[in-house]
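The values are calculated or read from the model by the stated rules, or taken from the named source; none is laboratory data. Bear in mind the structure is a predicted one, so any value in this text is a computation, not a measurement. Every residue, glycine as well, gets a Cβ built from its backbone with ideal geometry; the counts of neighbours run over all protein chains shown.
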Amino acid sequence: MTASGTPVQGVTLYSFTRDFHARNHSVEELVREAAARGLGPGIEMVGFQSIKGFPAVTDEYVDRFQALVAETGLVPTCLSANADAGLRRDRMLTDDELVDYMAPQVEAAARLGFPVVRVQISLTPDDMQRLLPLAEKHDVRLGLEVHSHQHPKHPKIQALLERYEQLGSHHLGFVPDWGATLREVPQSLLARYRRDGVDDELLRKLVEAWHEHDAEGAPMTEEQHGRWFRQVMGLAHQHGAGDRGIEMAVNITGLFGHAKPEDWLELLPWAVHMHGKFYEIDASGDEPSVPVSRIVGLLVAAGWSGSISSEWEGFHWNDWDDPFDVVARMQALMRTSAEEAGSHLVTDPDEARRVLADHRSRS
Amino acid sequence: MATDDTILISDSLAAREDGLAIGLKIPWYRSLWVSSVSDVVVRIDGAEVPKESLRAEINGKTFTIDELGDQWDELWFLQDRLVVVVPQDSPPSKGDEVDVEVTLSMRMPYMQIAPMVYVTNHATNHRTLVAG
């Protein structure tokens, strides 16, 4: 029998994008606030969001960041990187240039003490293979984010999985994002649309469309996703919401994925970190759109003990909830779910370091 | 008003001796290279300002709108503003209200949907702003 997993709690500063973007807080203030509210011990950030001048990182910045980590007792889990292959407007970066582009980002992660670098779906299996020596050199793990509308069974993800199995390196893996496995359209988005005067019939049809797509199953081709996208655009136009059609189609067909929580199991041996994507916590303390409890239960039963960053993305439309409060409530749900599954979520920094070192050595 | 559709905020407008300076928020959740800016259209009191006359200031440097697309090693940090300068012979004074509309188009260099075609965010904001 597999020993129960003990995933490690944490947060990504991406959850606080709204406040940071509005210049209400510095990164240092966000990190201190996250620590003071017990939203760690894991801490993740997006390099191109939090660090001015990224991917260049000065020695002074590294020293300051490490002092902040020591002061707060947090445990760096993941630095999110970006592969900007379209950096130049006249041409794509060549394969070699893309590796050169990623190099300082990977090096920055290592210098700042992040063991995992999140990369995105624009990278192919060949790209990942080309980046492997870089990951080995800096001893970090490259985790390709599995984000809606992709999902574990999508051909692009399966092709990566196949390559990982061929290469057999623990420096390559995935970062599952729970937004690929929703069970319902977030209520807070519908509330936002209602506030903005979108008519109830359109809202009903948007939700209906999402459920039709859900019955069809997570998209296996771009053609299928494109068909859904055009359908939602059409609904928006029919109901006089033309200007918001693209946004509605991006949300309904792009953000709220249709895979089943069980689908994550196939990727677990390669899951180097996770994005605990969520949108809202209701009055009963549950997440009506992302099946947080079900996913945590599966991870625990499968013996997975990696780090999970709570990633609140409701800020795109929800400007009424406090991001720190909503993350705290989501983490309470994760802790309860782990306990109900006969285990616990790691919240102690020392235990987190031990558990993550062990997770790294075994996967 | 969300992260990805807000470019004008209440303190965006400043009066200068030779025109107006409009400070834009980046309509995305991360910093992007200045080369991601594919177009800027400005209307003052409903009249479009000729693009050739506009200048954009960032990181202590000044560019024409067309030159922005070539700046692939200048980063527009998330908390910084791209300042679009509109030359005017008789600019408003501090405290005056001005009707400002800006459309900013940004290409996402990591979200390619076909060869050399990128997901592009067109953010349009129309506000009456007080010159600071």
Count, please, the residues in the range B:104-118 that happen to be in contact with a Phe, Trp or Tyr (Cβ under 9 Å, 6 or more places away or on another chain) and more than 14 Å from chain A (Cβ to nearest Cβ).
-> 0
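Only one residue in A:THR2, A:THR6, A:THR77, A:THR72 is among the hydroxyl-bearing types (Ser, Thr, Tyr), buried (at least 24 other Cβ atoms within 10 Å of the Cβ) and either within 14 Å of another protein chain (Cβ to nearest Cβ) or in contact (Cβ under 8 Å) with a residue 40 or more places away in the chain (or both). Which one? Walk me through how you get there before you give the answer.
Working: A:THR2 fails: buried (at least 24 other Cβ atoms within 10 Å of the Cβ); A:THR6 fails: buried (at least 24 other Cβ atoms within 10 Å of the Cβ); A:THR72 fails: buried (at least 24 other Cβ atoms within 10 Å of the Cβ).
When all the criteria are applied, what remains is A:THR77.
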Set A:VAL355, A:VAL326: member being part of a helix (DSSP H, G or I) and under 15 Å from A:THR77 (Cβ atoms) = A:VAL355
Taking interchain pairs and intrachain pairs at least six residues apart, which have beta carbon atoms under 7 angstrom, with the first residue in the range A:183-208 and closer than 19 Å to A:THR253 by Cβ and the second of a type in the set (Lys, Arg)?
-> A:LEU203/A:ARG194
Scan the range B:88-103 and give yes if some residue there is farther than 11 Å from B:VAL34 by Cα, free of Cβ contacts under 8 Å to residues at least 60 places away in the same chain and within 14 Å of chain A (Cβ to nearest Cβ), otherwise no.
-> no
Count - residues of the range B:27-52 that are in contact (Cβ under 8 Å) with a residue 60 or more places away in the chain, surrounded by 18 or more Cβ atoms within 10 Å (Cβ to Cβ) and closer than 16 Å to B:VAL85 by Cα = 3
Qualifying residue in the range A:25-45 (condition: in contact (Cβ under 8 Å) with a residue 12 or more places away in the chain, within 11 Å of chain B (Cβ to nearest Cβ), surrounded by fewer than 17 Cβ atoms within 10 Å (Cβ to Cβ) and assigned to a loop (DSSP other than H, G, I, E, B)) = no
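Okay, residues lined up against (1) closer than 18 Å to A:GLY179 by Cα; (2) among the basic types (Lys, Arg); (3) in the same structural domain as A:HIS149 (by TED's automatic domain parsing); (4) not in a loop (DSSP other than H, G, I, E, B):
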{"residue": "A:VAL198", "(1), (2), (3), (4)": "no, no, no, no"}
{"residue": "A:GLU201", "(1), (2), (3), (4)": "no, no, no, yes"}
{"residue": "A:ARG204", "(1), (2), (3), (4)": "no, yes, no, yes"}
{"residue": "A:GLU208", "(1), (2), (3), (4)": "no, no, no, yes"}
{"residue": "A:HIS211", "(1), (2), (3), (4)": "yes, no, no, yes"}
{"residue": "A:ASP214", "(1), (2), (3), (4)": "yes, no, no, yes"}
{"residue": "A:ALA218", "(1), (2), (3), (4)": "yes, no, no, no"}
{"residue": "A:GLY226", "(1), (2), (3), (4)": "no, no, no, yes"}
{"residue": "A:GLN231", "(1), (2), (3), (4)": "no, no, no, yes"}
What number of residues in the range B:71-110 are within 17 Å of A:GLY53 (Cα to Cα), in contact with a strand residue (DSSP E or B) (Cβ under 6 Å, 6 or more places away or on another chain) and among the charged types (D, E, K, R)?
-> 1
